[in-house]
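What follows is a single structure, written as C-alpha cells, with notes after it.
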Amino acid sequence: MIDPKDFKKFSPKIMDWINNYLNGVESYPVKSLAKPKDIYTQIPISPPEESESLDDIMADLEKIIMPGITHWQHPNFHAYFPANSSVESVFAEFITAAIGAQCMIWDTSPAAAELEERMMEWLRDHMGIPANFEGVIQDTASTASLTAILTAREVKTNFKANVEGVPNNLRIYCSKETHSSIEKGVAISGIGTKNLIKIPVDEQMRLIPEMLEDQIKKDLEQGLVPTCVVVAIGTTGTVAVDPLKEIACICKAYDVWLHVDAAYAGTALLLPEYHWMIEGIEDADSFVFNPHKWMFTNFDCSVYFIKDVDVLLKTFEVLPEYLKTKTRGLVNDYRDWGIPLGRRFRALKLWFVIRSFGIKGIQAKIRGHIELNSYFAEQIRKSPDFELVMEPFLNFTGFRYRPATSLSEDTLNTLNEKLLDCINQGGELFISHTKVRGTYVFRMIIGQTYVEQKHVDKALDVLKSEATKLMAAEK
Ligand SMILES: *Cc1c(COP(=O)(O)O)cnc(C)c1O
C-alpha cells in the first residue's frame, strides 16, 4: 500500500510512463492484435493476498495490458468516431481522481454543481443553442437519449407511466440510419421496440420529413400516441444531417417531443459556419453531443441540453428523507437531471480544456481536421484505384477500393472487406466501415487531437500498398 506521504516518491514513475505513452503512442500497432482470451489467461485466477510493488504492477501493465490496448490516441486511429483526449484533459482527470468527490447534489460539492452549470452555458452559447435551454453532463449519449425518451414518455402520459407502468400505444420515430442507442433506449423505456418506427432516408441518408408526417397521421388514425422523434445531426454511418427545421415543424404541429442526437457532429457547432445544421433548434426539446468524441475531453463526458427542466425533474426526482437539503430550489441538484444518483466531477476537465485551448484554439483544431479531410478526399478522388462513395463532410470521408476493372458490386464488396482486414491487421492504420445501400464503404475519420498531414499521407500510403499487395495475392 502506498502512503500519501510517499506520493512524490512514486508519482514520477507514473508521470514518466504517461509522458512516454503520449509521445510514443505511434510505436504501437493502432489496433490491438490480441486474440480472444489472450489477456484473461495471463491474469492470475486469484488476487494477491499480500501487497505487490508498484514496479511489479507497472511491469505487468507493459507486458500484459498494453498488447491488448487499441490506441485511440494514435494519430492513425481513423475508425468509428474518435474518443479523443488532450494533455489538459488528462491533467484534469488526475485532479478529479485525487479529489474523489461524488457530486450527486449541490451539497456534496457546490463547486462541481456550479462549475457544471457555467460550463453548460459556455457551450450552449457558443453552439447556437437558444438561451432557454439548460444543460447537464451525462456519462454517454446513450444515457442522454434514454433520458429524453423517458421524459417524453412521462409528458405524453401526464407523468403516469412512472407510477402505473407504460401503456403500449406510445410511438417513437427516427430514421433508419439513427444510432442503435435509440433502439436500446426505447426497449429500456418499456415503450417497446415494436413501437419504434424507422423512417426511410433520402439519397443523402437523411430522414424524409414527408414520410415521418404520413406515419404520424397513420398512427393517430389508429389511436396510437406519437411521443418522440429523434433527429440525427451527424449519423454514425455517414455523418448525415437530418432536416431539423422541417421535422421541428411537424413535431410542433402534432405536439411530439423532439430530441436531437448530435453526439458526434455537435462539436462542429462551435464553428459558426456550421450553425445551419441545427436551424430550427428553438423548436426542439432536447439535444445531446459528446465532448468525449471530438472535443479533446477524454471519455466520459456527454452534454445534454433541455428546454423544459421542470418536466425533466418531474420525471426523475425522488426525494428520500436522507437527501433533503436546505438549498433545494436555490441550486441545481443534478441527481434529479438523469438516471444515476452518483455523479463524477466531469465539468473540471471541460473547464481545463476550454480554458487552455481557448474557444479559438478549439475552433482552429476542428477546422484543421476538416481541412485535412478535404485533402484526404481530394487524394482519393485523384487516385485511379479508389473512389469516393459520397462527398466528404466535416472530417468524414466515405470511399472504397475500385481497381480500374469491371468488377461486379458483389466482388467489390468482398474485395473491400478483405482489404479492410489486411489494413487493420497491419497495425499502421485503423479504419472502420459501413454499408450504404448495399455498398461496402470505408469510413475515414480524421479527428485525433494531434493528427497532422503526415499521418494522413501515411494512411494514403498504407491504403495503396495494402491494396497492391492484396491484388497480387488474389492473382
Ligand atoms: C457515438 C454516438 C452515440 C453513442 O454515444 P455514447 O456516448 O457512446 O453513448 C449516439 N449517437 C450518435 C449519433 C453517435 O455518433
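The values are calculated or read from the model by the stated rules, or taken from the named source; none is laboratory data. Predicted model only: the values in this text are computed from it and were never measured. No Cβ is skipped: glycine too gets one built from the backbone with ideal geometry, and neighbour counts run over all protein chains shown. Remember, those area values only see protein heavy atoms, side chains included, never the ligands or the DNA or RNA. Shrake-Rupley method; radii C 1.70, N 1.55, O 1.52, S 1.80 Å.
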Inset, instruction - Could you check ALA240 against (1) closer than 22 Å to ASN395 by Cβ; (2) in contact with a helix residue (DSSP H, G or I) (Cβ under 8 Å, 6 or more places away or on another chain); (3) among the hydrophobic types (A, V, I, L, M, F, W, C); (4) within 16 Å of the ligand (Cβ to nearest atom) and say which number it fails? - result: (2)
Inset, instruction - Kindly list the number of the only condition in (1) at pLDDT below 95; (2) within 13 Å of the ligand (Cβ to nearest atom) that fails for THR325. - result: (2)
Legend entry - Those residues of the range 155-182 which are more than 16 Å from the ligand (Cβ to nearest atom), surrounded by fewer than 22 Cβ atoms within 10 Å (Cβ to Cβ) and not in a loop (DSSP other than H, G, I, E, B), in sequence order: VAL155, ALA161, ASN162, VAL163, GLU164
Inset, instruction - Look through SER46, SER89 and report the one residue that is hydroxyl-bearing (Ser, Thr, Tyr), out of contact with any Asp or Glu (no Cβ under 7 Å at 6 or more places or on another chain) and not in a helix (DSSP H, G or I). - result: SER46
Inset, instruction - Among what's in the range 232-248 and is assigned to a helix (DSSP H, G or I) and touching a residue at least 40 places away in the same chain (Cβ under 8 Å), pick the residue that is nearest to the chain's Cα centre (by Cα). - result: LEU244
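Quick check on ALA232: is it touching a His at 6+ places or on another chain (Cβ under 9 Å), at pLDDT 95 or above and away from the ligand (no atom under 16 Å from the Cβ)? Step through it out loud before you land on a result.
Details: touching a His at 6+ places or on another chain (Cβ under 9 Å): yes; at pLDDT 95 or above: yes; away from the ligand (no atom under 16 Å from the Cβ): no.
So ALA232 does not fit the description; no.
Working carefully through the options VAL30, VAL25, find the one that is touching a residue at least 12 places away in the same chain (Cβ under 8 Å), open to solvent by less than 80 Å² (accessible area, probe 1.4 Å), under 14 Å from ILE69 (Cβ atoms) and not in a loop (DSSP other than H, G, I, E, B). It would help to see each step written out before you state the result.
On the way: VAL30 fails: not in a loop (DSSP other than H, G, I, E, B).
The unique qualifying residue is VAL25.
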Inset, instruction - Kindly provide the set of residues from the range 438-465 that are within 16 Å of GLU387 (Cα to Cα), among the charged types (D, E, K, R) and over 18 Å from the mean Cα position of the chain (by Cα), ordered by number. - result: ASP461, LYS464
Legend entry - Among the residues listed as LEU269, LEU258, LEU312, the single one being open to solvent by less than 10 Å² (accessible area, probe 1.4 Å), assigned to a helix (DSSP H, G or I) and more than 21 Å from ILE362 (Cβ to Cβ): LEU312
Inset, instruction - Return a yes/no flag: does the range 135-154 have any residue that is among the small types (Gly, Ala, Ser), in a helix (DSSP H, G or I) and either more than 21 Å from the chain's Cα centre (by Cα) or surrounded by fewer than 18 Cβ atoms within 10 Å (Cβ to Cβ) (or both). - result: yes
Inset, instruction - For residues that are open to solvent by 50 Å² or more (accessible area, probe 1.4 Å) and of a type in the set (D, E, K, R), scanning just the range 94-120, find the one that is farthest from PHE305 (Cα to Cα). - result: ASP107
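Could you run through the range 315-334 and say how many residues are closer than 18 Å to LEU115 by Cα and open to solvent by less than 40 Å² (accessible area, probe 1.4 Å)?
First, pick out the residues of the range 315-334 that are closer than 18 Å to LEU115 by Cα: 327-334.
Now narrow it down to the ones that are open to solvent by less than 40 Å² (accessible area, probe 1.4 Å): 327, 331-334.
Going through the range 315-334 one residue at a time, the tally reaches 5.
Condition check: in contact with a Pro (Cβ under 9 Å, 6 or more places away or on another chain) and either modelled with pLDDT under 95 or closer than 22 Å to TRP122 by Cα (or both). Does VAL331 satisfy that?
On the way: in contact with a Pro (Cβ under 9 Å, 6 or more places away or on another chain): yes; either modelled with pLDDT under 95 or closer than 22 Å to TRP122 by Cα (or both): yes.
Considered against the rule, which asks whether it is in contact with a Pro (Cβ under 9 Å, 6 or more places away or on another chain) and either modelled with pLDDT under 95 or closer than 22 Å to TRP122 by Cα (or both), VAL331 comes out as yes.
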Inset, instruction - Please go through the range 282-316 and pick out each residue that is more than 16 Å from the ligand (Cβ to nearest atom) and not basic (Lys, Arg). - result: GLU282, ASP283, ASP285, ILE306, ASP308, VAL309, ASP310, VAL311, LEU312, LEU313, THR315, PHE316
Inset, instruction - Tell me which residues, restricted to the range 370-405, are under 19 Å from HIS275 (Cβ atoms) and in contact with a Leu (Cβ under 8 Å, 6 or more places away or on another chain). - result: ILE370, ASN395
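Among SER189, SER180, which is the only one that is within 20 Å of VAL436 (Cα to Cα) and among the polar types (S, T, N, Q)?
SER180
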